[in-house]
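The values are calculated or read from the model by the stated rules, or taken from the named source; none is laboratory data. This one's a predicted model, so the numbers in the text were calculated from it and none came from an experiment. In this analysis, Cβ positions are derived from the backbone assuming ideal geometry, glycine residues included, and neighbour counts consider all displayed protein chains.
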Amino acid sequence: MKKLLILVTGVASIMMALPAAAQFAKPEDAIKYRKASFTVMAAHFSRVGAMATGRVPYDAKAAAENADIAAAMAKLPWAAFPEGSDKGETRAKPEIWKDSAKYKEAADKMQAELSKVAVAAKAGNVDALKAAFGPASATCKGCHDTFRKE
């Protein structure tokens, strides 16, 4: 039942994200949406990371559930970078809008790597999870280094 709920929530979230750009009446709305998306994704990815790095005991079920949520959330924030949302309470660098192709490439790579983490987590093998976690974490860091202000 939980897996079905996660699947339904993930699909619904993805479907809602498609028209998200049209839903932002103000740039502040887009900023709030993407911050929330990144926060939820990071929370679940961090839980997986804690297991992959041995900071907490490995729990195959929890790893799979959290990796699935992180992978689903990874699809959401990208629609929330419309023109004009570079001002206000945001740490987004202007490079996001100046070099949007590079930003999209980074987003696509991160989504692909988080999908690999979800697959590895479902295998129930901590070594597979560790192997997938490193490259996924590197995509997050790379994007932060290039596109996020400190």
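Flag: A136 matches the condition of being surrounded by 16 or more Cβ atoms within 10 Å (Cβ to Cβ), under 12 Å from the mean Cα position of the chain (by Cα) and either modelled with pLDDT of 95 or more or not aliphatic (A, V, I, L, M) (or both).
Restricting attention to the stretch 55-90, the residues being free of Cβ contacts under 8 Å to residues at least 12 places away in the same chain and of a type in the set (A, V, I, L, M) number 1.
Residue check: is K93 touching a strand residue (DSSP E or B) at 6+ places or on another chain (Cβ under 9 Å), in contact (Cβ under 8 Å) with a residue 12 or more places away in the chain and more than 29 Å from P57 (Cβ to Cβ)? Here the answer is yes, as K93 does meet what is asked. When restricted to residues that are of a type in the set (A, V, I, L, M), more than 19 Å from P135 (Cα to Cα) and within 11 Å of the chain's Cα centre (by Cα), the stretch 38-80 contains 2. Scanning the stretch 96-149 for residues that are under 20 Å from P57 (Cβ atoms) and among the charged types (D, E, K, R) yields K122, D127, K130. Do we find that K32 is part of a helix (DSSP H, G or I), exposed (fewer than 14 other Cβ atoms within 10 Å of the Cβ) and at pLDDT 95 or above in this structure? No. Of the residues A121, A67, A101, the single one that is closer than 22 Å to P27 by Cα and either touching a strand residue (DSSP E or B) at 6+ places or on another chain (Cβ under 6 Å) or not in a loop (DSSP other than H, G, I, E, B) (or both) is A101. The one condition from (1) modelled with pLDDT of 95 or more; (2) surrounded by 12 or more Cβ atoms within 10 Å (Cβ to Cβ) that G54 does not meet is (2). Screening the candidates G134, G88, G124 for the property of being within 23 Å of A36 (Cβ to Cβ) and small (G, A, S) yields one hit, G88.
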